[in-house]
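The values are calculated or read from the model by the stated rules, or taken from the named source; none is laboratory data. Owing to the predicted nature of the structure, the values given are computational and were not obtained by experimental measurement. Positions of Cβ are generated from backbone atoms using ideal geometry, with glycine treated the same way; all protein chains shown enter the neighbour counts. When the accessible area is computed, the model is the full protein with side chains, heavy atoms only, and any ligands, DNA or RNA have been set aside. Shrake-Rupley method; radii C 1.70, N 1.55, O 1.52, S 1.80 Å.
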Amino acid sequence: MSLTRWTHMASGWFKQGLPGYCAFCLTPGQASSGWCQECFDQLPWNHHACCQCKEPLSHVSITTSHRLCDHCQVGRPAFNSMAAELLFEGPVRELIHDFKFHASPRAGMLLLELMLAKAPRCLGEGLLPVPMHVVRARERGFNQSHWLSEQLGKRVALPVINAECIKQLPSQHTLSRQERAKNLLGAFRMTDSVPAHLTIVDDVVTTGATVQALAEVALQAGAKRVDIWAIARTPLAHS
């Protein structure tokens, strides 16, 4: 079964739960990882990306900018590096949607395993989930970044460091990079003590404005280095 066909059937499979089978093609005997190697290799990997912020790049951009996107060439972000090894498309998009909006445990665990399969070499001294405003959290009932941070923290033996969102933000979906950055001014504050090296955890990075704003707050609170660990980046045509 192709990955394209899988995207139309994903929600039903994840809700039923199929332990011991590849989540993508239903091949049996995949209890240890949740996928077969062929499907894993066919996932939309973010191979051609900025080495600083992981924004997807065209082949032309890569050869002319030494793997730095235009934004990072003009001004480096507040964070040191980003790990976002997948693109937010195809089966990855379906998985994240099922996890984020339907709180699917199986989708969440598969995404967790995919993150760990391509984990950064250095994760610092704590994981910082992107916080959600209390009103939005009440409406959704689930903060996917916090859940990921807690689960990852258990697996890599790191504490979860908390911040809070103190500004009710409008939907960022249709906004430009500049508009998102403006909306996020004064949106976050740290509530826990900040270690010297933090890793911010999120599900999807689009323009990077949210993690940039949170990284700036962490640095102001005393962090010396901030990295980002996300599941996926939005493809170039949509960012």
Long-range neighbours under 8 Å by Cβ, at least six apart or interchain, first residue touching a residue at least 12 places away in the same chain (Cβ under 8 Å) and closer than 22 Å to A209 by Cα within region 131-143, second of a type in the set (S, T, Y) and surrounded by 14 or more Cβ atoms within 10 Å (Cβ to Cβ) = P131/S145; M132/S145
request  = Only residues that are within 18 Å of T191 (Cβ to Cβ) and open to solvent by less than 20 Å² (accessible area, probe 1.4 Å): list them for region 95-130, please.
outcome  = G126, L127, L128, P129, V130
ask   = Which residues, taken from region 196-213, are within 19 Å of L158 (Cα to Cα) and either open to solvent by less than 10 Å² (accessible area, probe 1.4 Å) or hydroxyl-bearing (S, T, Y) (or both)?
value = L198, T199, I200, V201, D203
ask   = Counting only residues that are open to solvent by less than 40 Å² (accessible area, probe 1.4 Å) and part of a loop (DSSP other than H, G, I, E, B), which one in region 144-186 is modelled with the lowest pLDDT?
value = Q172
key: Residues being of a type in the set (V, I, T), in a helix (DSSP H, G or I) and either in contact with a Ser or Thr (Cβ under 8 Å, 6 or more places away or on another chain) or free of Cβ contacts under 8 Å to residues at least 60 places away in the same chain (or both) - total across region 187-239   = 1
